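Shown next, in structure tokens, is the structure this report addresses.
The values are calculated or read from the model by the stated rules, or taken from the named source; none is laboratory data. Nothing here was measured: the structure is a model prediction, and the numbers come from that model. Reconstructed Cβ throughout: ideal geometry from the backbone, glycine too, with neighbour counts over all protein chains shown. In case anyone asks, the SASA skips ligands and DNA or RNA and just uses the protein heavy atoms, side chains included. Shrake-Rupley method; radii C 1.70, N 1.55, O 1.52, S 1.80 Å.
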Amino acid sequence: MSECQMPLQRPFLRWAGSKRRLLPRLMEYWMPRAERYVEPFMGSACLFFALQPACGLLADLNGELVATFLTVRDQPSAVSLALARLPIGRATYERLRGQDTRRLSALARAARFIYLNRFCFNGLYRTNLAGQFNVPFSNSRTGPLPSAADLIAASRVLSSAELRVSDFEDTFASVCRGDFVYADPPFAVSNRRVFSQYGPSPFGAADLGRLGDCLRRIDKKGVPFVVSYALCKEALEAFSAWKVTRVQTQRNISGFAKHRRKAVELIVTNIQ
């Protein structure tokens, strides 16, 4: 195992369940000689940005998320200008949240997604059954919108990556020898998602079996992988064939400082 020596590049999105606090531990598993970094549940891609691999595949079922990454990769300055035109406040937030994204350009969709992500409650991505983003506005602790320099830096790192809208099983099917896989699925315990993020096809505890099957297939190919997950009996059963390490991290419950607590999470790997 080798630590990445490059300057840390922060993700441009907030994301509930982000592994930013665990980056020092996760980066120890990275293999710089890997030909490609693969992440089937990209979220904010914080480990990808920290490692800055020479070649990457980032995938997610969230089409709005993937489209935003594509636009930031290809038009970072234009996205920054679009964000600069948006006043900061609840009224703008609620107006953007109510927009029909099918009527927006790729640039407007990306600016909308970043704005809502920055000023929503606790960095959640949650939709109603109709697929409409429904997270409320947050008055504090969101930080500023990413700057032009932030987006240009993100674009530079993303220039090495292929971006896909894909179910994780399809992403794993394209993994081959020479890849390095990091999987950080949404936490689900007894089919309940810890961070209450919903979408058209949420990852549930029942999907841990599918994920375990995917890991067994790439393990047979000799592909190194690392998985982050919540400590629960379902995960311990699904990942029992590999090395499982328990780590402590701080989890923000309900988005309020008084509810922050230490939580135990799992790092699962086939790396010896």
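Within region 23-61, the set of residues being out of contact with any Asp or Glu (no Cβ under 7 Å at 6 or more places or on another chain), more than 22 Å from LEU151 (Cα to Cα) and not in a loop (DSSP other than H, G, I, E, B) comprises PRO24, ARG25, LEU26.
In region 152-165 there is at least one residue that is modelled with pLDDT of 95 or more, in contact with a helix residue (DSSP H, G or I) (Cβ under 9 Å, 6 or more places away or on another chain) and assigned to a loop (DSSP other than H, G, I, E, B).
Among the residues making up region 135-149, those that are open to solvent by 20 Å² or more (accessible area, probe 1.4 Å), part of a loop (DSSP other than H, G, I, E, B) and not hydroxyl-bearing (Ser, Thr, Tyr) are PRO136, ASN139, ARG141, GLY143, PRO144, LEU145. Here GLN99 clears all of (1) of a type in the set (S, T, N, Q); (2) under 17 Å from the mean Cα position of the chain (by Cα); (3) part of a loop (DSSP other than H, G, I, E, B) except the condition numbered (2). Considered as a group, the residues in region 107-134 that are out of contact with any Pro (no Cβ under 8 Å at 6 or more places or on another chain) and surrounded by fewer than 15 Cβ atoms within 10 Å (Cβ to Cβ) include one that is farthest from GLN75 (Cα to Cα), and that residue is LEU129. Go through (1) in a loop (DSSP other than H, G, I, E, B); (2) at pLDDT below 95 for LEU13 and report which single condition fails. The one condition LEU13 does not meet is (2).
Restricting PHE180, PHE187, PHE172 to those that are under 17 Å from the mean Cα position of the chain (by Cα), modelled with pLDDT under 95 and among the aromatic types (Phe, Trp, Tyr) reduces the list to PHE187. When ILE114 is tested against (1) more than 19 Å from ASP170 (Cβ to Cβ); (2) in contact with a Cys (Cβ under 7 Å, 6 or more places away or on another chain); (3) in contact (Cβ under 8 Å) with a residue 60 or more places away in the chain, only condition (2) is not met. Restricting region 228-258 to residues that are hydrophobic (A, V, I, L, M, F, W, C), in a loop (DSSP other than H, G, I, E, B) and open to solvent by less than 40 Å² (accessible area, probe 1.4 Å) leaves a set whose member that is modelled with the lowest pLDDT is CYS232. Filtered by the rule that a residue be open to solvent by 10 Å² or more (accessible area, probe 1.4 Å) and within 14 Å of the chain's Cα centre (by Cα), region 47-75 gives ASP60, LEU61, ASN62, GLY63, GLU64, ALA67.
Taking first residues from region 20-34 that are open to solvent by 70 Å² or more (accessible area, probe 1.4 Å) and partners that are not polar (S, T, N, Q), the Cβ contacts under 7 Å between residues at least 6 apart in sequence or on separate chains come to ARG20/CYS46; ARG25/VAL247; ARG25/ILE267.
Restricting the search to region 193-218, which residues are out of contact with any Asp or Glu (no Cβ under 9 Å at 6 or more places or on another chain), at pLDDT 95 or above and within 23 Å of LEU23 (Cα to Cα)? Correct list: LEU215 only.
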